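Take a look at the structure below.
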Amino acid sequence: MTPVPRSAVAAYRDDGPASRMMGRPAAGQLPPLPPVLVGTFVVGVLLGVGVAGTGGLTAFAPAVALLLAGPGSSHPHGGRLDWLVPPILRLAEYGFAASAGFSTGVPPWLIFLLLGALAFHHYDVVYRIRQRLYPPAWLAVAGLGWDGRMLLLALGGLTERMTLLFALLAIYLWLLFGWESLTCWLATTHPETDSGELRELGAHD
């Protein structure tokens with residue numbers, strides 16, 4: 001556990017190694033929202049025409065399109081509308097995972113199991129940053145980031161083993177995020193209460 005070293009909005013992005021590497025040449029000079037909007041729009045169009053379930057190299061198109069958001073990952077995300085970036089990335093990733101799963105015959109419960117692992121992780125990151133904590137750097141690598149997970153699911157379309165991939169990825173992410181979250185909170189004996197919670201408690205009093 002380490003203090004938050006940069007904008008909390010940037011931390012919510014959940015970038016993987018690929019996205020972070022693409023952000024280094026930009027050195028924080030590229031505003032993050034425009035490329036995310038463009039990438040997500042392209043992803044939405046591709047998912048709308050059923051690209052995620054076609055198999056072959058075309059299944060990589062949505063993941064590659066969203067990598068347009070990568071160069072903006074090094075930006076401090078201090079703009080007035082930059083808070084929109086993380087939820088847009090979540091929408092694109094969850095939409096791609098669901099589309100890829102349903103279009104390839106993955107059981108619905110398995111799709112929701114994977115989405116549940118992602119939602120748990122993202123909620124955990126949001127809440128721990130409210131307590132002035134920051135996920136360790138290795139977790140972004142181990143968790144693959146939104147970019148790595150999308151590319152991995154696209155790769156599953158080539159192998160025609162999407163159900164197996166969903167199962168293995170869901171189990172892996174639940175174990176990884178669950179274990180890391182549990183050890184983090186057990187090690188935090190006196191987490192800080194944020195100002196919003198203090199105001200809420202005062203209002204009840």
Toward the positive end of the charge dipole of the chain, about the Cα centre and with charges on Cβ (Lys, Arg +1; Asp, Glu -1), which of Leu37, Leu173, Leu57 goes farthest? Leu57
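Between Leu182 and Val38, what length in nm is gained on full extension when 0.36 nm per residue of separation is reduced by their alpha carbon distance? Walk me through the numbers on the way to the answer.
On the way: separation 144, 0.36 × 144 = 51.84 nm, distance 3.65 nm.
Residue separation times 0.36 nm, minus the Cα-Cα distance, leaves 48.2 nm.
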For the stretch 63-76, what does the Karplus curve 6.51 cos²θ - 1.76 cosθ + 1.60, with θ = phi - 60°, yield as ³J(HN,Hα) per residue in whole Hz, taken in order and with x for Gly and Pro? 5, 5, 4, 6, 5, 4, 6, x, x, x, 5, 8, 5, x
Given Cα pairs under 8 Å that are at least 6 residues apart, what percent is the relative contact order of the chain? 30
Tabulate in residue order the Karplus-calculated ³J(HN,Hα) for the stretch 14-21, using 6.51 cos²θ - 1.76 cosθ + 1.60 with θ = phi - 60°, rounded to whole Hz; enter x for Gly and Pro. 6, 6, x, x, 5, 5, 5, 5
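At 222 nm, what helix-only mean residue ellipticity would the chain give, in deg cm²/dmol to the nearest 500, using -39500 (n - 2.57) for each DSSP H run of four or more? Could you put the intermediate results ahead of the total?
Numbers: 10 runs with 132 residues, N = 205.
Computed ellipticity for the chain at 222 nm equals -20500 deg cm²/dmol.
Tell me whether the stretch 1-128 comes out rounded, prolate or oblate; compute the Cα gyration tensor, take square roots of the eigenvalues as a ≥ b ≥ c, and use a/c under 1.5 as the rounded threshold.
Working: a/c = 2.30, a/b = 1.43, b/c = 1.61.
Cα axes put the stretch 1-128 in the oblate bin.
Once the piece of chain linking Val141 and Thr163 is laid out straight, how much longer is it, given 0.36 nm per residue of separation minus the C-alpha distance between them? All intermediate terms of the calculation are to be shown ahead of the outcome.
Details: separation 22, 0.36 × 22 = 7.92 nm, distance 2.36 nm.
Contour length minus the Cα-Cα distance gives 5.6 nm.
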What angle do you read, to the nearest 10 degrees and between 0 and 90, between the alpha-carbon axis of helix 33-48 and the longest principal axis of the chain? 40
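Full-extension gain between Arg132 and Phe112, please, as 0.36 nm times their residue separation minus the C-alpha to C-alpha distance.
Working: separation 20, 0.36 × 20 = 7.20 nm, distance 2.99 nm.
Taking 0.36 nm per residue and subtracting the Cα distance, the gain is 4.2 nm.
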Once phi for every residue in the stretch 116-130 is put through the Karplus expression 6.51 cos²θ - 1.76 cosθ + 1.60 (θ = phi - 60°), the whole-Hz ³J(HN,Hα) values, with Gly and Pro written as x, are x, 5, 5, 5, 4, 4, 5, 5, 4, 5, 4, 6, 5, 5, 4
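No value in this document is a laboratory result; all are computed from the given coordinates. Given the structure is predicted, the values throughout are model-derived calculations rather than measurements. With ideal geometry, Cβ positions are generated from the backbone for all residues, glycine too; neighbour counts draw on all protein chains shown.
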